[in-house]
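Let me begin by presenting the structure, written as structure tokens, before commenting on it.
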Amino acid sequence: MHKSIVIELQYLPSIAFFSSLEGKEEVILEANEFFEKQTYRNRCHLLSSQQIEILTVPLLGANKKIKTKDIKIDNSQNWSKKHWRSIQTCYGKSPFFEFFADEFKPIYDKEYDYMWDLNLDLLTICLKITGQKIIITETVSYEKNISGNVMDARSLIHPKKDDYLNLFYKPTPYGQSFGNNFEPNLSVIDLLMNEGPNAKTVIQQSIFK
């Protein structure tokens with residue numbers, strides 16, 4: 001059993017992200033990779049009344065070779081208000097929105113320069129709510145091959161791939177606000193707003209064994 005995991009830092013991370021952390025003592029966030037576009041690093045999936053809604057944080061220089069920790073947010077676009085409005089639209093009537101809105105709203109009222117800082121603050125809030133106690137560290141340099149008792153989960157959780165399904169995540173249905181068919185691996189905020197204190201149990205049940 002791996003005691004540590006190295007993984008990229010995601011925006012409002014997916015449920016698979018949190019299932020990968022279960023049973024680990026330490027999560028090592030990959031800070032020194034080159035930023036990869038069209039991934040969960042700057043996007044998340046919510047469930048609206050119409051469809052899966054994708055929220056994407058606009059970035060500066062995403063086409064260039066910039067380390068993940070150094071990538072800046074394009075705050076010339078009014079993205080934060082739009083994202084919070086989408087969260088309200090998707091989850092305003094969910095059972096636990098009123099319990100957790102005050103945790104997330106200040107994040108969207110604050111202007112972040114770096115994607116890393118935004119993601120880290122959101123991860124910290126989500127870990128607190130889900131009751132997952134894990135040490136957070138970050139890489140000091142990029143290593144292609146990870147040695148020791150560390151699980152390498154970098155880039156495994158991807159919007160266009162499902163490699164993680166047979167590694168550490170199995171979709172476990174829970175009550176969702178919209179639709180008749182269960183949508184797996186949305187942002188953890190979907191789980192939190194719908195299941196509240198039961199979110200940790202769902203995450204534990206979502207571990208592939």
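Would you point out the residue of segment 54-104, among those that are in contact with a helix residue (DSSP H, G or I) (Cβ under 6 Å, 6 or more places away or on another chain) and among the charged types (D, E, K, R), that is nearest to LEU127 (Cα to Cα)? Here the answer is GLU103. The residues of segment 190-205 that are more than 10 Å from THR130 (Cβ to Cβ) and surrounded by 24 or more Cβ atoms within 10 Å (Cβ to Cβ), listed by number, are ASP190, MET193. In this structure, GLY196 qualifies as touching a residue at least 24 places away in the same chain (Cβ under 8 Å), more than 30 Å from ASN32 (Cα to Cα), touching a Pro at 6+ places or on another chain (Cβ under 8 Å) and small (Gly, Ala, Ser). Residues that are without any contact (Cβ under 8 Å) to a residue 60 or more places away in the chain, under 18 Å from PHE17 (Cα atoms) and loosely packed, with under 14 Cβ neighbours inside 10 Å do occur in segment 125-137.
Of the residues that make up segment 182-189, is at least one among the hydroxyl-bearing types (Ser, Thr, Tyr), modelled with pLDDT of 95 or more and surrounded by 14 or more Cβ atoms within 10 Å (Cβ to Cβ)? Yes.
The values are calculated or read from the model by the stated rules, or taken from the named source; none is laboratory data. Fair warning: this is a prediction, and the values are worked out from it, not measured in the lab. With ideal geometry, Cβ positions are generated from the backbone for all residues, glycine too; neighbour counts draw on all protein chains shown.
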